[in-house]
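What follows is a set of notes on a single structure, which appears directly below.
Every read-out reported here was derived from the displayed coordinates using simple, explicitly stated rules and does not represent laboratory data. Note that this is a predicted model, so its numbers are computed, not measured. A quick note on method: Cβ atoms are made from the backbone with ideal geometry, for glycine too, and the neighbour counts reach across all protein chains shown.
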């Protein structure tokens, strides 16, 4: 049977083994859990396949004010470098989890790795989650956090003119939206780092059908996330689907990392094409044979470690452009 007819044959051996072990362990489908159960399950399982956490010279928790008076948690990671940790460039990062689950802790290792390899500080943002806080609260929190960091880098001991934004999955959507908002207010960003971002209003691409079942992020889970997060009438808002923004010219350069066997891969490629058409510099990497969420599986998936390295190098290049 060809890989066209049997998409599971595209998986790497390591990825296939992970999926088989998850199935053997009886992992409950996300769509069968309530939100509290899903969050707890994700928190408990997040580090199982992840790398050991690299040591950081500086780890600092603080809170960021938002427009409605709420304060959201954030954590700053600064790597152990020969030079002082002061004056580092900064990546503001938004975790994945369908706008419904996930936290600073579930993406602790990834943020540390990006800080270590990228030679930068990473500020991980705990934006508010659905269904308690539905669209557009997450987008508002993300933008409020990026603006606050841009105004506070000096007081945090960071470089005043070297800022990037990034995220994975739902966090990648938030990062892409923030890049659009930053352009509109003249906030200079060195890079938008997008790891398998959601960019489309509806899940209608070929990859959503090809990988709708048996590839970690299944159709029922996507529907579960979005039903908790957004009303049908808001689906065409560009803050949910950045592909629908009026224009994409003048945006920060993008590094986009996608998983081949992921329902979101087609819209990630389409967004890269849209940015290029708008004369935005794009570095697109597609990691073959892996599924959505693979970057948090560095203990067992070699492609995760390669994605960490390539994303980190993209940050280093963006913050230290060659003449």
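Tabulated results
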{"read-out": "Cα-based helix-to-principal-axis angle, 170-185 vs the chain, degrees rounded to 10", "value": "40 degrees"}
{"read-out": "Rounded Å value of the spacing that divides the Cα centres of the range 251-323 and the range 33-48", "value": "26 Å"}
{"read-out": "Residue order, fewest to most beta carbons within 10 Å, for 50, 234", "value": "234, 50"}
{"read-out": "Structure-based [θ]222 nm, the chain - -39500 (n - 2.57) summed over DSSP H runs of at least 4, per residue, nearest 500", "value": "-11000 deg cm²/dmol"}
{"read-out": "Cα-based helix-to-principal-axis angle, 35-45 vs the chain, degrees rounded to 10", "value": "80 degrees"}
{"read-out": "Of 278, 142, 38, the one that fluctuates the most in a GNM where the chain has Cα springs shorter than 10 Å", "value": "278"}
{"read-out": "Cα long-axis angle, helix 219-229 against the chain (0 to 90 degrees, to the nearest 10)", "value": "40 degrees"}
{"read-out": "Which of 144, 168, 223, 13 has the fewest Cβ neighbours within 10 Å, and the rest in rising order", "value": "13, 223, 144, 168"}
{"read-out": "Listed residues 200, 245, 78, most fluctuating in the chain (Gaussian network, C-alpha, under 10 Å)", "value": "245"}
{"read-out": "Candidates 49, 33, 187, ranked by Gaussian network fluctuation over the chain, Cα under 10 Å, top entry", "value": "33"}
{"read-out": "Relative contact order computed over the chain (Cα-Cα under 8 Å; 6+ residues apart), in percent", "value": "20 percent"}
{"read-out": "Theoretical gain in end-to-end length, residue 60 to residue 288 [0.36 nm per residue, Cα-Cα removed]", "value": "78.5 nm"}
{"read-out": "Percent of beta bridges antiparallel (DSSP, the chain, rounded to nearest 5)", "value": "35 percent"}
{"read-out": "Prolate/oblate/rounded label for the range 158-197 (Cα gyration tensor, a/c 1.5)", "value": "oblate"}
{"read-out": "Residue 232 paired with residue 37, simple spin-label distance in nm, labels 7 Å along Cα-to-beta-carbon", "value": "2.6 nm"}
{"read-out": "Gyration tensor verdict on the chain (Cα atoms; rounded if a/c is under 1.5, prolate if a/b is larger than b/c, oblate otherwise)", "value": "rounded"}
